[in-house]
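Sharing a structure with you now.
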Amino acid sequence: MKQYDVIIIGLGSAGLMIADRLNNNGLNVLVLERNKRAGIKLLLTGNGRCNVMSNDNAEDFINAVHNGRFLRSSYHKYNIKKFFDKHNLPLKLENRRMYPASEKAIDVVNCFKIDHIKVNYKEKVEDLIFNNEKLIGVKTQTNSYYGKNIVVCTGGKSYPKSGSDGTLHKILKKYGIKQTKIYPSEVALIFDDFIELSGVALQNVRMFHKKNERIGDLLFTHKGLSGPLAISMGEFVARFPEDKFYLDFYPELNEEQLFNKLWSDNKFLSKKLTKSFYNFMLRYFPENISKKELRKFISKIKRYELIGVKTMPLEYAFTTAGGVDLKEVNPKSCSHKRIDNLYFAGEILDLHGEIGGYNLMVAWLTGMTVADSIKEKFNK
């Protein structure tokens, strides 16, 4: 019975990082990837441009990632930019976001060096193998493989066409590995009020509820709301369904300032808002202007309540929020505290970030942590 030193389940962002760092270390490594190629979801990021990372400092990064404190030591230990420099992938900076200079996600996938790694494509892991409560291998649809260390980096439950359909979540649950609530992140919203404006985009809109707020571009769709603003707020709509959410279509002025502008010039907003949206909102403008009626109109501009708003289903989200409970994971190795030869990296963990390269940074940092922890184990 052949025994591998390491079996990596999944060759997405985190899997590629782990395979690269174990590539030429004298270890016998097997990767099992259910798709016919590596990095399927990675190729889709940033509309194919691949926002590799953020240029934030440590505190900004930690604040932008849910449970970001788990990654504090990894952030300080590893330099992602230097990693890609050494892999001959020049990066360029755009508004704190870093992209490959070529603007091609395929160049990111191809920069990883995994030529000494055995990769089996089109093999889907269907179970783990235990012997006397010791993890010893994995079972696919065709074979059983045995390894000293098993790494799970199969992504979340969203975007199943990329291969992350939640199969490993079910398997892990079967063996008592705790997971937090799963919900969509980076997801568009369902909301009926603006459907007739489908295709219209607005800039500099604020969306908020009592706990969080964001300002960004908003796109009306045939199902509701999309664009960077709606997508960045999607996880909060999912997490806090009982909250009231609002849109502020003119955050440059507060309500009193806007009242004064409109009271002196009732066409003030016609010069500030997109024409089609302005015409749409005129239905709320009072025929007989009084201060009371004008303030009601201003509340529609500044605090448009999104009654009944909800997210698109999880499978339409680009990122999964929730995952393996970090209370069960050692942050120095990303190994399970009870099953110490079981490791996790990437979106399978209860870690996710905002739009801007943060989720890939989670994959890179946890992947580096796992790989280096395994190397240390064999070097003892």
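Would you kindly calculate the mean projected area, averaged across all directions, of the convex hull enclosing the Cα atoms of the chain, in square nanometres?
20.6
Right, another one. Pull up the DSSP beta bridges for the chain and report the antiparallel fraction as a percent, rounded to 5.
Here the antiparallel bridges make up roughly 70 percent for the chain.
Can you run phi through the Karplus equation (6.51, -1.76, 1.60; θ = phi - 60°) for region 46-62 and list ³J(HN,Hα) in whole Hz, with x for Gly and Pro?
Running phi through 6.51 cos²θ - 1.76 cosθ + 1.60 with θ = phi - 60° gives x, 6, x, 8, 6, 6, 5, 6, 9, 9, 5, 7, 4, 5, 5, 4, 4 Hz.
Can you give me the angle between helix 291-302 and the longest principal axis of the chain, using Cα atoms only, in degrees from 0 to 90, rounded to the nearest 10?
20
Also: Amide H to amide H, which residues 5 or more places from K118 or on other chains are under 5 Å from it, using H placed in the peptide plane?
For K118, the qualifying residues are V29, V31.
Sequence gap at least 6, Cα distance under 8 Å: using those rules, report the relative contact order of the chain to the nearest whole percent.
Worked out over the chain, it gives 23 percent.
I would also like to ask the following. 5 Å is the cut-off here: which amide hydrogens, built 1.01 Å from N in the peptide plane, fall below it relative to F191, excluding neighbours closer than 5 in sequence?
G224, L225
Let me ask something additional. Excluding residues fewer than 8 places away in the same chain, name every one of the lysines whose C-alpha is closer than 19 Å to that of K223.
Of all the lysines, those that pass the test against K223 - Cα under 19 Å, at least 8 places apart if same chain - are K310.
Moving on to the next point. Can you give me the angle between helix 358-379 and the longest principal axis of the chain, using Cα atoms only, in degrees from 0 to 90, rounded to the nearest 10?
So the inclination is approximately 20 degrees.
Which whole-Hz couplings ³J(HN,Hα) result when phi for each residue of region 304-312 is put into the Karplus expression 6.51 cos²θ - 1.76 cosθ + 1.60, θ = phi - 60°, listed in order with x for Gly and Pro?
In residue order, the calculated couplings are 6, 6, 8, 5, x, 5, 8, 7, 5 Hz.
If you take every DSSP beta bridge fully contained in region 1-109, what fraction is antiparallel? Give it as a percent rounded to 5.
60
What does the highest-first list of 184-190, 92-98, 284-290 look like by mean Cβ count within 10 Å?
Those peptides, ordered most packed to least, come out 184-190, 92-98, 284-290.
Tell me, what is the FRET efficiency for Y278 and S198 to the nearest 0.05, using R0 = 22 angstrom and their Cβ-Cβ distance as r?
FRET efficiency, Y278 to S198: 0.85.
Right, here's the next one. Order the peptides 19-30, 128-139 from the highest to the lowest mean number of other Cβ atoms within 10 Å of their residues.
19-30, 128-139
Take every Cα pair under 8 Å in region 189-311 that's 6+ residues apart, average their separations, divide by the length, and report that relative contact order as a whole percent.
Dividing the mean separation by the residue count of region 189-311 yields 30 percent.
List the trypsin sites (Lys or Arg not before Pro) within region 181-240 that fall in a DSSP loop (any state other than H, G, I, E or B) and whose Cβ has at most 15 other Cβ atoms within 10 Å.
Answer in residue order: K181, K210, K211, K223.
Ordered by residue, what ³J(HN,Hα) values in Hz, to whole numbers, does region 235-243 give under the Karplus form 6.51 cos²θ - 1.76 cosθ + 1.60, where θ = phi - 60° and Gly and Pro are x?
Couplings: 5, 6, 4, 6, 6, 10, x, 7, 6 Hz.
Just to check, using Stokes-Einstein with a Kirkwood Rh over alpha carbon pairs, what's the diffusion coefficient of region 189-311 at 10 °C and 1.306 mPa s in µm²/s?
Approximately 107 µm²/s, per Stokes-Einstein.
Every number in this text was worked out from the coordinates using simple rules, so none of it is lab data. Fair warning: this is a prediction, and the values are worked out from it, not measured in the lab. Counting neighbours? That spans all protein chains shown, and the Cβs are built from the backbone with ideal geometry, glycine included.
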